[in-house]
Amino acid sequence: MSPLSLAAIILGITVLYFIAVYNILVRLRANTKESWSDIQVQMKRRYDLIPNLVKTVKGYAKHEADTLEKVVAARAAAMKSEGTPAEQAKDENMLSGALKSIFALSEAYPDLKANQSFLELQQELTDTEDKIQASRRFYNSNVRSINIAVQQFPKNIVAKILKFEIMSYFELDESELKAASKPVEVEF
């Protein structure tokens, strides 16, 4: 075998490896973007339910305007958030906290707690929150997969040449986790 044909074989194998790694990275990035889209669909669903919930609660808890304003403000901030998943997670965490306070109000208003519209909206929001959490786990799993591929040798060489970067997770920060584990207090 001549040195020229050996060099051609090595070059061919290198090109095939490069193509294979590129295709793997593109597939992983596409899976991650698709799973992020799933999260955004569920968050939009939640944003659409909140005005109805606020409207229902307003009729029963007229003097709880501060709580309702916080929910509306948190919803607006979350809807405007278009940053990284970590930045959006911060706004989503604020909205989740605000929603917990509105559900805590129902404990103080038996008529509200028994209202069919409120119960249906509460169930819809709970279902949506569960779907967001499932979508978040799926997204983070895809992020983990692409991050591993981008960091593994020798794939990291191809990833660096093609400018594939580490992606950020969509997660709660430690202070949010601690706050979420505390019961919501409602004072009158």
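Okay, here's what the table says:
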quantity: Estimated inter-spin distance, residue 165 and residue 22, nm [label 7 Å along Cα→Cβ]; calculated: 2.1 nm
quantity: Two-decimal log10 I(q)/I(0) for the range 27-73, as the Debye equation yields it once each C-alpha is a single scatterer, q = 0.33 Å⁻¹; calculated: -1.09
quantity: MRE, 222 nm, helices only [DSSP H, n ≥ 4, -39500 (n - 2.57), over the chain, to nearest 500]; calculated: -28500 deg cm²/dmol
quantity: Acute angle (nearest 10 degrees) that the helix 116-151 long axis makes with the longest principal axis of the chain, alpha-carbon atoms; calculated: 20 degrees
quantity: Matching label, log10 I(q)/I(0) by the Debye sum over Cα atoms at q = 0.09, 0.11, 0.17, 0.18 Å⁻¹ computed from the structure shown, candidates (i) -0.47, -0.61, -1.06, -1.15; (ii) -0.29, -0.45, -1.19, -1.37; (iii) -0.42, -0.60, -1.11, -1.19; calculated: (i)
quantity: Nearest-0.05 FRET efficiency for residue 126 and residue 84, computed from C-beta distance (R0 35 Å); calculated: 0.80
quantity: Inter-label distance for residue 151 and residue 113, nm, one decimal - labels placed 7 Å from Cα along Cα-to-Cβ; calculated: 4.7 nm
quantity: Translational D in µm²/s for the range 85-156 (Stokes-Einstein at 10 °C, 1.306 mPa s, Kirkwood Rh from C-alpha pairs); calculated: 106 µm²/s
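Read the figures in this text as sums done on the coordinates, not as results from a lab. Predicted model only: the values in this text are computed from it and were never measured. FYI the Cβ positions are ideal-geometry reconstructions off the backbone, even for glycines, and counts take in every protein chain you see.
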